[in-house]
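Here is the structure we will look at, set down as structure tokens.
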Amino acid sequence: MGWNSWNHFAEKVTDADVRAAADAIVATGMRDAGYVYVNVDDTWEGQRDAAGNIHTNGKFPDMKALADYVHSKGLKFGIYSSPGPKTCAGYEGSYGHEQQDANTYAAWGVDFLKYDLCGLRTIMDLYSPQQGPRKASAIMRDAYAKMHQALVKTGRPIVYSICQYGVDSVWEWGAEVGGNLWRTTDDISDSFRSMALIGFSQAGLEKYAAPGHWNDPDMLEIGNGGMSADEYRTQMSLWAILAAPLLAGNDLSKMDETTKSILMNKEVIAVNQDSLGQQGYRLAPLQTWVRPLSGGARALAIFNFVTDDVPQPVTVSFKDLGFTGPVHARDLWTHKDLGVLRDSVTVTPPKGGVVMLRVWQ
């Protein structure tokens, strides 16, 4: 859980923006709700010196000082690079300098590395015509494993985020190359269509997630303005069911109360952070998802993901959740107990919205 600079600030992010985000995480209560990582995405990179050491550009005059500032707030600090010669935005990547960069990150006090495929594609493409996709796949896997090994050698615990858009079914091998999380999709954008396509496409990947190794459907768009409050609640609920990383991507210094209430819904966060660490799965009908929780409880999320539909009631049988006999239920968005229920529950989620329950015996 934390924040990443890209969705709102993109290539314009500066040292001051990151410090302001750290301040806001503390001031708004987000840190206390569990958001601890403050991650700088692409465009911080400058040039390498004669010895090959990476330096920052003018937007980030002192990365070690920035990391120290973030740490002083009781937070953790993240950074970005690529296994290729260049990053997605055309800045300096880590190709050929993996251990050197890992050592630099550790010296700066980095706690999280997002490692983005972009620049490596040019090298992979060189082999595709002659040796086919298997060679390209081996290059990619070796490149991610190489940085993992470099991070381990630093002796500093650094969360390793593999960002390569689900290429080559990364969920099948991400853990083998040291990934703590791996992107399963292309980049998200601040629209219901993008969010729904990405989020609901995660069905079937649940068997690949486990504590320390997570499927990552990309960052949260909550608060960026392109969706309604109900649609943002859908993203928060679905990402919680998916046991997905919760990395906010908005301007934390300018949040309204609705945005705060969505990002800091502690009952929904508790589902996301449940200690069982089991990703949820989709039931029939298609808009009904379930996540097993510690202690035998279940999180149940019922979505209306077709925004032009008239809201319709949906009934879910408790036996389909693995329960026999009466159950207790609580609505996690209205924060109301529904009492003891028998056999089934019927709800009507709003357009683009969700009803999310915690159910237990």
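The values are calculated or read from the model by the stated rules, or taken from the named source; none is laboratory data. Small disclaimer: the values here were computed from a predicted structure and weren't measured. As a convention, Cβ positions derive from the backbone with ideal geometry for all residues, glycine included, and neighbour counts pool all protein chains shown.
Points worth noting:
- Applying the condition of being farther than 19 Å from Tyr91 by Cβ and hydrophobic (A, V, I, L, M, F, W, C) to segment 108-130 and asking which residue is modelled with the lowest pLDDT yields Leu126.
- Residue in segment 69-81 that is touching a strand residue (DSSP E or B) at 6+ places or on another chain (Cβ under 7 Å), among the hydroxyl-bearing types (Ser, Thr, Tyr) and either more than 22 Å from Tyr144 (Cβ to Cβ) or not in a loop (DSSP other than H, G, I, E, B) (or both) present: yes
- Any hit, segment 153-172, residues being surrounded by 14 or more Cβ atoms within 10 Å (Cβ to Cβ), part of a helix (DSSP H, G or I), touching a Lys or Arg at 6+ places or on another chain (Cβ under 8 Å) and at pLDDT 90 or above: yes
- Failed condition for Val290, given (1) assigned by TED's automatic domain parsing to the domain that holds His335; (2) in a helix (DSSP H, G or I): (2)
- Cross-chain or 6+ apart pairs with Cβ under 7 Å, segment 28-47 first and under 18 Å from Ile262 (Cα atoms), then surrounded by fewer than 17 Cβ atoms within 10 Å (Cβ to Cβ) and not aromatic (Phe, Trp, Tyr): Arg31/Gly74; Ala33/Lys266; Gly34/Gln273
- For segment 242-281, the set of residues classified as among the polar types (S, T, N, Q), out of contact with any strand residue (DSSP E or B) (no Cβ under 7 Å at 6 or more places or on another chain) and closer than 16 Å to Asp216 by Cα consists of Asn272, Gln273, listed by residue number.
- Just one residue in the set Asp17, Asp41 is at pLDDT 95 or above, buried (at least 21 other Cβ atoms within 10 Å of the Cβ) and in contact with a Phe, Trp or Tyr (Cβ under 8 Å, 6 or more places away or on another chain); that residue is Asp41.
- Only one of the listed residues (Gly109, Gly74) is farther than 21 Å from Trp6 by Cα, in contact with a Lys or Arg (Cβ under 8 Å, 6 or more places away or on another chain) and in the same structural domain as Leu247 (by TED's automatic domain parsing). That residue is Gly74.
- Among the residues of segment 293-322, those identified as part of a loop (DSSP other than H, G, I, E, B), loosely packed, with under 13 Cβ neighbours inside 10 Å and not hydrophobic (A, V, I, L, M, F, W, C) are Asp308, Asp309, Gln312, Pro313, Gly322.
- Counted residues, segment 218-241 - those being in a loop (DSSP other than H, G, I, E, B) and either touching a strand residue (DSSP E or B) at 6+ places or on another chain (Cβ under 8 Å) or surrounded by fewer than 24 Cβ atoms within 10 Å (Cβ to Cβ) (or both): 10
- Qualifying positions in segment 323-358 - surrounded by fewer than 16 Cβ atoms within 10 Å (Cβ to Cβ), in a loop (DSSP other than H, G, I, E, B) and within 29 Å of the chain's Cα centre (by Cα): Thr334, His335, Thr348
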